[in-house]
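Every read-out reported here was derived from the displayed coordinates using simple, explicitly stated rules and does not represent laboratory data. Keep in mind that what you see is a predicted model, and the values were worked out from it rather than measured. Heads up, the Cβs are rebuilt from the backbone with ideal geometry, glycines too, and the neighbour counts pull from every protein chain shown.
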Amino acid sequence: MTINRRQFLSMTGATALAAVCSPHALATLPKSAQQAPQSAAATLKAMHDFARHKNRLLGYPINMTALPEEFLAWRNELAAAGFNRFAFNNVGNPYDHSHIPFNGHAFERELIGRFGARYGFPDGNIWGFLSNSGTDSNMHGLYMGRTILQNRTGVLPKVYFTAEAHYSIQILRDLLQLESVIVGTAPDGGMDVADLERQLNANRNHPALVVATIGTTFKGAIDPVDAIQEKLKNRTAYVHLDAALFGGFLPHTPFAGDLMQQAPDPLNGKMRQRYDSIAVSCHKFFGFPSPAGLFITTRSNFEAFRELFSGIHDPEYIKQVPGTITCSRDAVKPAEFYFFSSDTAFAQQTADAKAILDNAAYLLKEMRSHYSHLQPVRINDRSNIIYFRTPDESVVDRYSLATMRLRDNHGKLVPHAHIVVMPHASKDVLDQFLSDLK
């Protein structure tokens, strides 16, 4: 029996189900659909091998360390309360009353407060939420900055970033229809503030939306936030920090000051703001098992933004102006990631931060000693990234090394690879890599 769409829609639920589940109906399905259960079983069977090889993932900033039993126990506690048992939704501003009681806003507020304190945001002047990803956090930072700056000046800002910035910034620039100003880089790969000043002077009629990267994707360079702020004096500007990977571990190192939202002014000793908002990925350093991101800004920035945001939409039926681009938001992720904000979790992160920086130094030393022809580089002592001339393809494939062409001193594009030393990349794993380079 073959039925058309109109016949199917005229059937009752039970009749329709019988029609499409009959042997004849199943036989008329495309082969790909008929074979789905077998394909899924084969895929799952292949995945059983993944755990044996997970520590060989060295080319990307993903912490492959197995989740602790305590995290799995926390998941079970959440499940007992209904999370992932029925629908929860974090729609709206986590700091306002939600008309939908089935949410995890309390967890979200608490973890934003704890991480906001780690990044030096002033007590009582913190706002944020857990986003879908680092890119989502960057999108909220750029959108908030664009909205505030345009309101202050009546002119769309131009967005300033370097060619070393994450590719999400290029996507978001296009999405927000902003004109970009690509700033040159210093020899270490960080933003060249002299070139920034030149570019700012050439675009005086536009406010500046500056994206500073703390840990560039391939080299691990750090844009100098304080020097950038010096060049922005007496200009209308908004600074967003993309600290996707480094934002996870730097607060647990002697370099925590790089991420402080406030710092004493050397002239008068008063606290001054270093940046407006920050994006940090949850699935990179922390090892959270699915993409998510922290977005944190000041409450004063948020209130200025929300007043403008309320003029472009009417969310009356949810009884608040949310202040987030995404409407319905995942309630499970904030509740789960809350686990990573405890004192015990911070202590583990401190140990992991020390280990990755120590192991990055070890890898650099060994590569310089035994494979100097690959010209290994660690751009600074804050970085857990080592980049070098691309080795044999078999090594690139075995360790999933990221590759990219970089310009040498003569301007020639030369293939390079890099290793991101994450917590799962122990000395044993790195020693095996060094052995395989032979």
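Results, tabulated for the structure shown:
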read-out: Listed peptides 77-85, 47-55, 421-429, 169-177 by packing density, highest first (mean Cβ within 10 Å); value: 421-429, 169-177, 77-85, 47-55
read-out: Residue of Y371, Y95, Y317 that the Gaussian network model of the chain assigns the largest fluctuation, springs spanning Cα pairs under 10 Å; value: Y317
read-out: Length-normalised contact order of the chain in % [C-alpha pairs under 8 Å, at least 6 apart]; value: 21 percent
read-out: Ordering of 396-403, 350-357, 132-139 by packing [mean C-beta count within 10 Å, highest first]; value: 132-139, 350-357, 396-403
read-out: Alpha carbon centroid spacing (whole Å) that separates region 320-354 from region 59-136; value: 4 Å
read-out: Of G120, G311, G59, the one that fluctuates the most in a GNM where the chain has Cα springs shorter than 10 Å; value: G311
read-out: Rounded Å value of the spacing that divides the Cα centres of region 219-242 and region 382-431; value: 28 Å
read-out: Gain upon complete extension [E70, N89; 0.36 nm per residue less C-alpha separation]; value: 4.4 nm
read-out: Estimated D of the chain in µm² per second, where Rh is the Kirkwood radius over Cα pairs and Stokes-Einstein applies at 4 °C, 1.567 mPa s; value: 53 µm²/s
read-out: Mean Cα-pair separation over length for region 104-167, i.e. relative contact order, pairs under 8 Å, 6 or more apart, %; value: 20 percent
read-out: Relative contact order of region 369-414, defined on C-alpha pairs under 8 angstrom at six or more residues apart (%); value: 22 percent
read-out: J(HN,Hα) series, region 53-59, from Karplus relation 6.51 cos²θ - 1.76 cosθ + 1.60, nearest Hz, glycine and proline x; value: 10, 4, 6, 8, 7, 10, x
read-out: Computed log₁₀ I(q)/I(0) - Debye formula, equal Cα scatterers, no solvent, region 221-280, q 0.27 Å⁻¹; value: -1.30
